[in-house]
There are 2 protein chains.
Amino acid sequence: MTFVHPETEEIELAAVLHALSDPQRLRIVRELGACDEPRACGSFALDVGKSTRTHHFRVLREAGVIRQWREGTSRLSTLRREDLDGRFPGLLDAVLAADRVPAL
Amino acid sequence: MTFVHPETEEIELAAVLHALSDPQRLRIVRELGACDEPRACGSFALDVGKSTRTHHFRVLREAGVIRQWREGTSRLSTLRREDLDGRFPGLLDAVLAADRVPAL
């Protein structure tokens, strides 16, 4: 199976905002934003089962927020930081910064 | 009927991103961002019927993105710019700026 990704110029604002509008997906994006290394999907501490986890990664990938690929038996992910910064300057930084602010 | 609004500190990032993740709601927010005057809900050029229009305004209001009130027979709206800037610095500016970039 090959992972499908939108080209940079195909990334849509509404789709990115939708992908980011879920607390579990925000957690994935925040963890990916905290390190530059690719992460295996199974290494994220999410409060969901395997199929929901797969769904969340697919939503992020199809919106153009993350890139996924296989290495051996692992699925690795990285944030498409340059692509997002180029399309929507400041958006990802604002989301990552907001997410560090604890709820009052 | 009184309009219900979240307090500033109750505004949630995921709810704001969800509210902004629809093209019609993005259009409302962009138009509100373009002028500082309150706007009547009926004055927005949206490609939807009246009940869908009401729904979109409610989603924006309940997420804390806009403030709505009645004046006579009109429903007026403004963007909660200060509240959003305080909670999530840079987010609204990034969304409004991104929305001015035409799709390629």
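The values are calculated or read from the model by the stated rules, or taken from the named source; none is laboratory data. Note that this is a predicted model, so its numbers are computed, not measured. With ideal geometry, Cβ positions are generated from the backbone for all residues, glycine too; neighbour counts draw on all protein chains shown. Side chains are part of the model used for accessible areas, which takes the heavy atoms of the whole protein and leaves out ligands, DNA and RNA. Shrake-Rupley method; radii C 1.70, N 1.55, O 1.52, S 1.80 Å.
Looking at B:Ala98, is it crowded, with 17+ Cβ neighbours inside 10 Å, at pLDDT 95 or above and within 14 Å of chain A (Cβ to nearest Cβ)?
On the way: crowded, with 17+ Cβ neighbours inside 10 Å: yes; at pLDDT 95 or above: no; within 14 Å of chain A (Cβ to nearest Cβ): yes.
Spelling it out, it is not the case that B:Ala98 is crowded, with 17+ Cβ neighbours inside 10 Å, at pLDDT 95 or above and within 14 Å of chain A (Cβ to nearest Cβ).
Among the residues of the range A:81-95, which ones are touching a residue at least 40 places away in the same chain (Cβ under 8 Å) and under 15 Å from A:Glu9 (Cα atoms)? First the steps, then the outcome.
In the first step, residues of the range A:81-95 are kept if they are touching a residue at least 40 places away in the same chain (Cβ under 8 Å); the result is A:81, A:83-84, A:86-88, A:91-92, A:95.
Within the range A:81-95, A:Arg81, A:Asp83, A:Leu84, A:Gly86, A:Arg87, A:Phe88 qualify.
For the range A:16-32, which residues satisfy the criterion of being within 14 Å of chain B (Cβ to nearest Cβ) and open to solvent by less than 40 Å² (accessible area, probe 1.4 Å)?
Step one: filter the range A:16-32 for residues within 14 Å of chain B (Cβ to nearest Cβ), giving A:16-30.
Within the range A:16-32, A:Val16, A:Leu17, A:Ala19, A:Leu20, A:Ser21, A:Asp22, A:Gln24, A:Arg25, A:Leu26, A:Ile28, A:Val29 meet the criteria.
Given A:Gly72, A:Gly49, which one is more than 14 Å from chain B (Cβ to nearest Cβ), surrounded by fewer than 15 Cβ atoms within 10 Å (Cβ to Cβ) and at positive phi? Even if it seems obvious, please write down each step before you answer.
Numbers: A:Gly49 fails: at positive phi.
The match here is A:Gly72.
Among the residues of the range B:35-61, write down those that are part of a helix (DSSP H, G or I) and farther than 13 Å from B:Ser77 by Cβ. Don't jump to the end; show me each part of the working.
Initially, the range B:35-61 is screened for residues part of a helix (DSSP H, G or I), giving B:41-43, B:50-61.
B:Lys50, B:Ser51, B:Thr52, B:His55 - these are the residues of the range B:35-61 that are part of a helix (DSSP H, G or I) and farther than 13 Å from B:Ser77 by Cβ.
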